[in-house]
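Okay, so here's the structure we're looking at.
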Amino acid sequence: MAPQPPKRLLRLLHDALAQPPPGRCIWVALSGGLDSSLLLMLAAEACQDSGQLLRALHVNHGLQAAAADFETHCQQLCQRLGVPLTVERWRLNREAKG
């Protein structure tokens, strides 16, 4: 059995998501790391309880060797949670100044 998040954390998230602007959905930036994955799981639970729409966004910068693995993890997690995922692939111009 997976460990359960602290009730206080869930309560705070429920409170934060209680009053989004009408017609708007909640977006979670999902890197695929532990923090954003946990945030998405908690947000999915909170949004399901409140009837809010939830979406996730993953930006694959291709900066790490594991970038494709992170993207795959995000896709699988969102599919499991029933959260629509938008993936943007963006490549850094390493020759740009600044």
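Quick note: the coordinates plus some simple rules give every number you see, no bench work behind them. Being a predicted model, the structure only gives us computed values, none of them experimental.
Counting C-alpha atoms alone, how compact is the stretch 25-89: give Rg to one decimal and Dmax as a whole number, in angstrom.
For the stretch 25-89, the Cα radius of gyration and maximum Cα-Cα distance read 11.4, 38 Å.
Let me know the shape class of the stretch 1-53, please: from the alpha-carbon gyration tensor, a ≥ b ≥ c as square roots of the eigenvalues, rounded when a/c is under 1.5, otherwise prolate if a/b is greater than b/c, or oblate.
On the way: a/c = 2.21, a/b = 1.39, b/c = 1.60.
Oblate shape, in that a/c is at least 1.5 and b/c is the bigger or equal ratio.
Run the numbers on the chain and let me know its relative contact order in percent, using alpha-carbon pairs under 8 Å that are six or more apart. All intermediate terms of the calculation are to be shown ahead of the outcome.
Numbers: 114 pairs, mean separation 25.5, N = 98.
It rounds to 26 percent for the chain.
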